[in-house]
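Q: Pasting in a structure now, in structure tokens, and then I'll have a few things to ask.
Please treat every number below as a calculation from the coordinates, not as lab data. Computed from a prediction, not measured in an experiment: that's the story for all the values here. Backbone-built Cβ (ideal geometry, glycine too); neighbour counts: all protein chains shown.
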Amino acid sequence: MIHRQTAAQQVANGLASRILSGAFAAGAPLRESAIAAELGVARNTVREAVRILELSGLVRHEVNRGAVVISPTPERVEALYAARERLETAAAARPASPDHIAKLRSAYQRLEQAASTHEPAQIVEVDLEFHSAIVGMLDSSRLDIFYTELMVELRFYLMVLSVEDREFERPQDLLVEHKDILDAIESGDSGKAVEAVRSHIVRNAARVAQIVAARGDGSGDSGAAAR
């Protein structure tokens, strides 16, 4: 027998694939009752699945509309990545303590393990943990909270990038970039560390903006579940 959480995760995974493929139009509401009827599952299961998608950044909750698919734009990408770049480069410019280095090494090791699964969601999650560890070098709980808020939307864009470019099938490039960042920070050369972080973020931002622009207004067959 499948436990409800497992069923909810399965539904969430299926909905995520449809969102990333453009089957659900950006801004379209996700109707729990319609999805439940379409998939033949309990509405509570769909509700749990939608909550999972909210945590992943694929949908957001709007007053009087419920959960809706987010509407990415190149401008939104630029603003998000600009904030990310400022935080992470500021952190990389600071001397890293042994504790900071240990956390970065641990995050990188988990990234290697996640890469071996070739599962986009796992890779993205640990990727974010690695970059959270970089921001942690600022030793500011308020900035940690702010970055956590950025991660909600950032998670969506990293998933788009992973799926669109099939990064999860060839994660070696991702590992090399993150190892370069780790090595630069560990070396104590702040200039090198800042440049490694900045170049990684700038490349990501440019590619994500390109993908988002190509998708235009996110039009697609929203299907019964989105109506």
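Q: Report, ordered by the first and then the second residue, all pairs with beta carbons closer than 7 Å, sequence separation of six or more or different chains, a first member in region 101-114 that is surrounded by fewer than 19 Cβ atoms within 10 Å (Cβ to Cβ), and a second member that is of a type in the set (Asp, Glu).
A: Final answer for the pair search is 101/186; 110/129.
Q: Mind checking which residues of region 24-78 are among the acidic types (Asp, Glu), buried (at least 18 other Cβ atoms within 10 Å of the Cβ) and either more than 14 Å from residue 8 (Cβ to Cβ) or touching a Pro at 6+ places or on another chain (Cβ under 9 Å) (or both)?
A: None; the set is empty.
Q: Additional query: Can you find even one residue in region 150-173 that is within 14 Å of residue 131 (Cα to Cα), of a type in the set (D, E, K, R) and free of Cβ contacts under 8 Å to residues at least 24 places away in the same chain?
A: Within region 150-173 (the criterion being within 14 Å of residue 131 (Cα to Cα), of a type in the set (D, E, K, R) and free of Cβ contacts under 8 Å to residues at least 24 places away in the same chain), the answer is no, since none of the residues qualifies.
Q: Pairs please, first residue from region 180-199 and without any contact (Cβ under 8 Å) to a residue 24 or more places away in the chain and surrounded by 14 or more Cβ atoms within 10 Å (Cβ to Cβ), second anywhere and polar (S, T, N, Q) and assigned to a helix (DSSP H, G or I), Cβ atoms under 9 Å, 6+ apart in sequence or on different chains.
A: Here the result reads 180/199; 195/89, each pair linking region 180-199 to a residue that is polar (S, T, N, Q) and assigned to a helix (DSSP H, G or I).
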